[in-house]
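The values are calculated or read from the model by the stated rules, or taken from the named source; none is laboratory data. All values derive from a computational prediction rather than experimental measurement. With ideal geometry, Cβ positions are generated from the backbone for all residues, glycine too; neighbour counts draw on all protein chains shown.
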Amino acid sequence: MSLVVIITAPLIAAALAVPAQRVAARAPSVLAAGTGGVILAAALLSLPGIAAGEVRHLAVPWLPMLGLDLALRLDGLALVFVLLVAGIGLLISLYARYYLPADAARGRFFALMLVFQSAMLGLVTADNLLLLLLFWELTSLLSFLLIGYDPTTAAARRGARTALLVTAAGGLALLAGFLLLGAVVGSLSLGAVLAAGEQVRADPLLLPILLLILLGAATKSAQVPFHFWLPGAMAAPTPVSAYLHSATMVKAGVFLLARFFPVFADSAPWFPLVGGLGLTTFVLGAYLALFQHDLKGLLAYSTISHLGLITFLFGLGTPLGAVAGLFHLLNHAVFKASLFMAAGIIEHETGSRDLRRLRGLYPYLPVTGGLAMIAAAAMAGVPLLNGFLSKEMFFSETVHSLRIADWPLLLDGLLPLAAILGGVFSVAYSLRFIHDVFFNGPYPAPDPGLCAAPHEPAAWMRLPVEVLAALCLVIGMLPQQTIGPILRIGVGGILGTVPDFQLALWHGLSPPVLMSLVALGGGVLLYALRSRLFATHQRHFPALQAEPAFQQVTAGLLAFGRRLQPWLQPVSLQRSAFALILTAVVLAGLGWVAARPALSVTAGRAGMPLDIGSLAAAVILVAATLELVRRRGQRLTAVILTGVIGLVVTLAFVHFSAPDLALTQLAVELVTTLLLLLVLTGLPRTGARPVIGGRRTRDLLLAVLVGLGTTVLVAAMLQHHSSGSGDWYLRLAQPAAGAANAVNAILVDFRALDTLGEVTVLSIAAVTVRVLLEGLRLHPPGPIGGSAMTPAHPLMLAMVARPVLPAALMLAAFLLLRGHHAPGGGFVAGLVVGTVLILQQLANGRSWTEPRLQLTARPLIGGGLLLALGTGLAALLVGRPFLTSALWHGRLPLLGELKLTSTLLFDLGVMLIVTGMLLLVLDGLGRVGVSGVSRDGGAVSKGVSAGASGAVSGAGSGAVSGNGSGDSASGDAGAGIDRERAQRGGR
């Protein structure tokens with residue numbers, strides 16, 4: 001139960017955050033803080049059992065064939081991270097309540113923060129590799145949205161894009177590593193992987209797996225050379241930086257190293273790869289932090305350095321190294337979150353984060369300054385604070401680690417020297433944070449870029465900083481009594497056992513103590529000589545920055561892509577279609593050559609009977625195709641002939657006993673024909689352009705190749721005697737799915753996941769089409785396809801179309817309800833509803849359809865997706881795999897015997913999505929038509945509806961070849977009809 005609460009509580013709160021803002025401006029922050037309290041309570045209730053060695057599991061089958069289950073585990077390591085994520089999240093919620101401006105979109109901000117919190121909690125509790133990766137990518141996506149919370153600033157957009165590109169690329173590497181790891185172990189279960197450490201270490205794929213997983217961890221935790229995205233992410237609001245970039249998201253990479261520590265730590269490449277990467281990042285990040293002029297930039301590079309230190313400790317591969325790594329991870333989250341919030345207070349009160357302008361703030365912000373000094377001293381490793389203890393353990397491991405006995409050079413002094421050097425830089429940049437901001441002279445009050453009289457913030461805004469600073473002191477002075485039990489639980493979750501270690505202020509005079517003293521003294525001396533050091537750095541390393549290089553590389557790739565675009569994505573539709581079809585032909589030909597199937601042409605083999613109906617259909621198809629080619633300049637004729645071809649194909653499905661296909665084909669033909677009529681009214685009135693002879697020959701050759709290839713493919717399929725999966729579906733449709741219609745059972749039951757993916761893509765495509773139609777200006781309405789149509793009786797089509805609407809809705813309901821037992825289903829029902837709505841607009845225009853049809857497309861699409869997805873999630877609640885259907889058979893009063901399945905709801909969702917898709921496209925086309933203004937400066941012309949109505953109603957009276965006068969006459973007639981309808985109130 002605790003696992004369910006931990007994961008779902010932030011999601012529920014996120015759904016309520018935006019409505020809560022309408023109730024009260026501060027309500028979202030209270031909701032977020034309350035959610036953190038609920039998660040903390042659930043975690044603390046689990047604390048005694050986890051401390052006793054218990055591991056709690058929750059597993060719900062989702063996609064067992066893919067090895068993906070909703071499997072969660074709460075062990076010691078996961079519990080420590082849950083406490084960290086929830087505890088820091090509660091404090092950040094309280095801080096953000098006072099930090100964000102009064103007019104900020106608090107609901108959206110806290111909704112994103114809460115969803116991110118749920119993703120982070122899912123990441124640390126996942127018990128399946130693919131599920132872990134899913135939450136991993138969600139944290140990247142949500143951090144992108146949070147960093148770019150203010151999209152009006154270029155820095156926020158650039159920082160969000162860089163963070164997403166780097167971390168998402170690492171996620172792809174992590175996916176490959178997880179798949180290889182699952183293949184080696186034979187399972188994607190995290191528990192199985194952790195138990196198969198010896199098997200993994202003995203496998204030849206060990207090095208590729210380790211490199212791929214390390215690449216994912218390095219990008220997420222900002223290790224060199226992927227560190228540059230983190231300083232750019234400082235464009236995010238300070239609460240985001242304090243939460244994501246000190247305590248949660250950037251800790252995901254080192255969490256991954258801790259989680260897989262039992263699997264890889266004893267392997268030969270672990271120390272040089274992980275330890276070397278961490279030590280390099282620790283020293284380089286500390287060095288670069290010293291030269292940052294932005295307050296949050298300094299904290300960002302210090303975060304990079306400390307993440308490198310944690311990575312190095314885990315990279316040592318020793319039990320005590322893991323203890324020190326987890327200890328410093330917790331300490332860093334405490335003092336760095338407080339420092340970020342202190343930096344936010346400084347910016348909030350002064351209006352600047354520039355260290356070159358800020359000074360002398362202590363008289364104005366004495367309490368904030370004192371809290372910042374405590375946190376900065378903890379970051380520097382000053383005694384009596386928590387940072388000193390974990391950094392002393394770090395120094396001890398560099399000297400006494402048995403893991404590096406095979407590396408005598410490092411053991412002799414290089415490794416301790418690098419540790420001291422990083423410690424010196426840490427002390428120096430910590431001193432710069434304190435001295436340059438709060439002392440270093442009087443406050444520059446006349447500076448127009450700074451507030452004249454900064455003051456202490458509200459007490460509640462400062463409270464989270466006070467709590468964290470107090471933790472730095474309490475943990476530093478009473479480590480065994482405070483953090484000790486939590487640390488033992490976490491280490492037990494990593495190693496399975498807890499090594500013997502003692503947390504104390506004084507272990508006697510030892511090399512680690514001396515190294516700490518040297519680091520403190522060297523840091524003070526280095527800061528005293530900072531002016532010379534700054535000059536030397538600027539002279540020798542003026543452009544030591546990776547982020548500009550990354551931006552140049554990405555800009556170059558984009559420029560290269562733009563140069564390739566005319567070849568890969570030509571503007572001409574004909575060229576695009578030619579390239580697409582030619583590619584399909586070439587790939588099919590290569591596949592045919594590789595497979596070399598044997599085709600036997602046996603005269604005595606039984607085949608399809610050649611009856612009169614089939615012969616007549618073939619003649620109609622050929623004749624319509626030839627006529628379509630001959631009348632290439634007449635668009636309306638082309639639409640009609642294309643419809644004839646589709647109708648013949650529909651009849652062929654009927655002839656060969658495929659009623660579901662026939663019904664779907666007929667609905668598709670109707671809706672596409674009507675949509676084409678709407679579109680054609682807005683196309684330019686140009687005659688047929690001459691076709692170049694070479695292109696005609698090229699297209700003819702390609703058409704012949706496609707025709708021959710299709711014929712050969714059909715012949716090969718007819719000679720294939722294996723029944724494949726068809727018999728299996730027919731045999732199990734009734735007993736397994738309760739369906740008499742096997743086709744519908746395949747779509748909404750057996751392969752419902754495929755259908756869910758397809759309707760999702762359909763929804764995305766509909767939204768894309770709607771966006772593409774935004775702002776589009778078509779030609780004034782007139783003749784279709786260059787033919788002038790005289791709109792003789794426009795009311796006739798309108799009067800016929802209106803009673804069709806209720807009849808079509810009844811037909812759609814009938815097709816929906818019968819789909820599981822007879823030809824029909826949600827897709828066909830949605831097409832029927834969309835067809836009749838298009839017909840209404842074609843006949844009456846938006847002046848009739850818009851006020852009467854209050855349905856909007858987006859709620860239909862969103863509701864349909866939620867309904868289809870909810871049908872699958874409901875199965876998870878009862879312990880069944882995702883999208884498992886449920887069947888009810890019984891009797892009801894008056895209705896008699898009924899058979900109901902949950903797939904009806906899924907089918908209803910499909911119907912809503914298809915209807916919403918057509919409405920979205922229809923609305924876009926209607927708005928395009930309304931935007932076309934007549935040339936004579938008159939009223940706005942309802943181009944699509946009136947033009948299409950006139951064209952269709954005048955089609956029976958003949959057509960005049962398109963020319964200038966015909967176009968003009970048609971345009972005037974269309975405008976006249978619009979004026980007449982406007983005078984009649986749109987009726």
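What do you reckon, is Leu473 under 30 Å from Gly369 (Cα atoms), at pLDDT 95 or above and out of contact with any Leu (no Cβ under 6 Å at 6 or more places or on another chain)? Considered against the rule, which asks whether it is under 30 Å from Gly369 (Cα atoms), at pLDDT 95 or above and out of contact with any Leu (no Cβ under 6 Å at 6 or more places or on another chain), Leu473 comes out as yes.
Among (1) closer than 29 Å to Leu3 by Cα; (2) without any contact (Cβ under 8 Å) to a residue 60 or more places away in the chain, which single condition is Arg157 missing? (1) is the only condition that Arg157 fails. Under the condition of being surrounded by fewer than 22 Cβ atoms within 10 Å (Cβ to Cβ) and of a type in the set (Phe, Trp, Tyr), which residue from segment 119-147 is nearest to Ser29 (Cα to Cα)? That would be Phe144. All conditions in (1) more than 30 Å from Phe534 (Cβ to Cβ); (2) in contact with a Lys or Arg (Cβ under 8 Å, 6 or more places away or on another chain) hold for Thr238, with the sole exception of (1). Please go through segment 567-586 and pick out each residue that is farther than 19 Å from Gly694 by Cα, surrounded by 11 or more Cβ atoms within 10 Å (Cβ to Cβ) and not polar (S, T, N, Q). Of everything in segment 567-586, those that are farther than 19 Å from Gly694 by Cα, surrounded by 11 or more Cβ atoms within 10 Å (Cβ to Cβ) and not polar (S, T, N, Q) turn out to be Ala584, Val585, Val586. For segment 549-568, state whether one or more residues are among the aromatic types (Phe, Trp, Tyr) and modelled with pLDDT of 85 or more. The answer is yes, given that some residue of segment 549-568 is among the aromatic types (Phe, Trp, Tyr) and modelled with pLDDT of 85 or more. What about Leu860, is it part of a helix (DSSP H, G or I) and at pLDDT 85 or above? So Leu860 passes the test.
Of the set (1) at pLDDT below 95; (2) outside any loop (DSSP other than H, G, I, E, B), all apply to Val334 but (1).
State all residues of segment 734-762 that are of a type in the set (S, T, N, Q), in a helix (DSSP H, G or I), surrounded by 15 or more Cβ atoms within 10 Å (Cβ to Cβ) and out of contact with any Leu (no Cβ under 6 Å at 6 or more places or on another chain); if no residue qualifies, say none. I'd like the intermediate steps shown before the answer.
Within segment 734-762, the first condition is being of a type in the set (S, T, N, Q), and the residues that meet it are 734, 741, 744, 755, 760.
Checking the rest, the ones that are also in a helix (DSSP H, G or I) come to 734, 744, 755, 760.
Checking the rest, the ones that are also surrounded by 15 or more Cβ atoms within 10 Å (Cβ to Cβ) come to 744, 755, 760.
The answer is Asn744, Thr760.
Condition check ((1) of a type in the set (A, V, I, L, M); (2) surrounded by fewer than 19 Cβ atoms within 10 Å (Cβ to Cβ); (3) over 25 Å from the mean Cα position of the chain (by Cα); (4) assigned by TED's automatic domain parsing to the domain that holds Ala176) across all residues:
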{"residue": "Pro61", "(1), (2), (3), (4)": "no, yes, no, no"}
{"residue": "Ala71", "(1), (2), (3), (4)": "yes, no, no, no"}
{"residue": "Asp75", "(1), (2), (3), (4)": "no, no, yes, no"}
{"residue": "Leu83", "(1), (2), (3), (4)": "yes, no, yes, no"}
{"residue": "Gly87", "(1), (2), (3), (4)": "no, no, yes, no"}
{"residue": "Ile92", "(1), (2), (3), (4)": "yes, no, no, no"}
{"residue": "Ala104", "(1), (2), (3), (4)": "yes, yes, no, no"}
{"residue": "Ala111", "(1), (2), (3), (4)": "yes, no, no, no"}
{"residue": "Gln117", "(1), (2), (3), (4)": "no, no, no, no"}
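Of all residues in segment 34-56, those being closer than 15 Å to Leu84 by Cα and in contact with a Gly (Cβ under 7 Å, 6 or more places away or on another chain) number 2.
Within segment 311-329, is there a residue that is closer than 20 Å to Val399 by Cβ and under 29 Å from the mean Cα position of the chain (by Cα)? Yes, segment 311-329 contains at least one residue that is closer than 20 Å to Val399 by Cβ and under 29 Å from the mean Cα position of the chain (by Cα). The number of residues in segment 17-54 that are farther than 24 Å from Pro464 by Cα, small (Gly, Ala, Ser) and part of a helix (DSSP H, G or I) comes to 3.
The residues listed here are Gly351, Gly344, Gly276, Gly285; of these, the one that is over 27 Å from Phe438 (Cα atoms), of a type in the set (Gly, Ala, Ser) and under 36 Å from the mean Cα position of the chain (by Cα) is Gly276.
Is there a residue being part of a helix (DSSP H, G or I), in contact with a Phe, Trp or Tyr (Cβ under 9 Å, 6 or more places away or on another chain) and surrounded by 23 or more Cβ atoms within 10 Å (Cβ to Cβ) anywhere in segment 438-457?
Restricting attention to segment 438-457, the residues satisfying the condition of being part of a helix (DSSP H, G or I) are 438.
Next, only the ones that are in contact with a Phe, Trp or Tyr (Cβ under 9 Å, 6 or more places away or on another chain) stay: 438.
Pick out the ones that are also surrounded by 23 or more Cβ atoms within 10 Å (Cβ to Cβ) and you get 438.
Yes; the residues of segment 438-457 include at least one that is part of a helix (DSSP H, G or I), in contact with a Phe, Trp or Tyr (Cβ under 9 Å, 6 or more places away or on another chain) and surrounded by 23 or more Cβ atoms within 10 Å (Cβ to Cβ).
A search for C-beta distances below 7 Å between a residue of segment 749-766 that is in the same structural domain as Leu869 (by TED's automatic domain parsing) and closer than 17 Å to Val921 by Cβ and any residue that is assigned to a helix (DSSP H, G or I) and small (Gly, Ala, Ser), counting only pairs 6+ apart in sequence or on different chains, returns Val759/Ala868. Can you pull out the residues in segment 1-31 that are among the small types (Gly, Ala, Ser) and farther than 23 Å from Leu47 by Cβ? Across segment 1-31, the qualifying residues are Ala14, Ala15, Ala17, Ala20, Ala24, Ala25, Ala27, Ser29. Counting the residues of segment 55-79 that are in a helix (DSSP H, G or I), farther than 17 Å from Thr8 by Cα and modelled with pLDDT of 80 or more gives 2.
The rows are residues; the columns are (1) over 22 Å from Ala519 (Cβ atoms); (2) surrounded by 20 or more Cβ atoms within 10 Å (Cβ to Cβ); (3) aliphatic (A, V, I, L, M); (4) at pLDDT below 90.
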| position | (1), (2), (3), (4) |
| --- | --- |
| Thr350 | yes, yes, no, no |
| Arg356 | yes, no, no, yes |
| Val367 | yes, no, yes, no |
| Gly370 | yes, no, no, no |
| Asp406 | yes, no, no, yes |
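Residues are listed down the side, and each one gets a yes or a no for (1) more than 30 Å from Gly148 (Cβ to Cβ); (2) surrounded by 24 or more Cβ atoms within 10 Å (Cβ to Cβ):
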residue: His245; (1), (2): no, yes
residue: Lys251; (1), (2): no, yes
residue: Phe261; (1), (2): yes, yes
residue: Asp294; (1), (2): no, no
residue: Leu316; (1), (2): yes, yes
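Here Asp203 passes the criteria (1) in contact with a strand residue (DSSP E or B) (Cβ under 6 Å, 6 or more places away or on another chain); (2) without any contact (Cβ under 8 Å) to a residue 60 or more places away in the chain; (3) not hydrophobic (A, V, I, L, M, F, W, C) except the one numbered (1).
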